[in-house]
Amino acid sequence: MTNFDKICNDAGFGDLKIRSRKGDIPLKRQAVWCKMYMTFGNYQQIGIQSGHSHATVIHGVRRFTDLFNTGDAKAIELWEKIEQM
């Protein structure tokens, strides 16, 4: 089990490796990427573990960080869920 899978399972997000943009799946994926980047700091490895390119991971981490910093309620809720693990 990769770190990506472990964080997804521990937070109760399920499988986020699926290629879907429905609902909260992208935001959950970005939250996990942000947590992984803060812990491990390697975009390429995060991309490999999650099945996406490092460029997609960079964009996702930036997007989630921006949403969190502007007070987006859903982003804050997901981050609190990840931090409680």
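Quick note: the coordinates plus some simple rules give every number you see, no bench work behind them. The model shown is predicted, which means the values in this text are computed figures rather than measured ones. Cβ: placed from backbone, ideal geometry, glycine included. Neighbour counts: every protein chain shown.
A few remarks follow.
- Separation of the range 15-29 and the range 48-85, taken as the distance between their Cα centroids, equals 11 angstrom.
- Proxy reagent accessibility, fewest Cβ within 10 Å first, across 1, 36, 85: 1, 85, 36
- Springs between Cα atoms under 10 Å define the GNM used for the chain, and in it the highest mean-square fluctuation of 67, 16, 27 occurs at 67.
- Here the Gaussian network model covers the chain, with springs between Cα atoms less than 10 Å apart; of 40, 64, 13, 40 fluctuates the most.
- Under a Gaussian network description of the chain, with springs only between Cα atoms under 10 Å, the residue in 18, 58, 46 that fluctuates furthest is 18.
- Here the sum of -39500 (n - 2.57) over DSSP H runs of 4 or more residues, divided by the residues of the chain, equals -22000 deg cm²/dmol at 222 nm, to the nearest 500.
- Listed candidates (i) 180; (ii) 85; (iii) 168 - label of the one calculated as volume of the Cα convex hull per residue in Å³: (ii)
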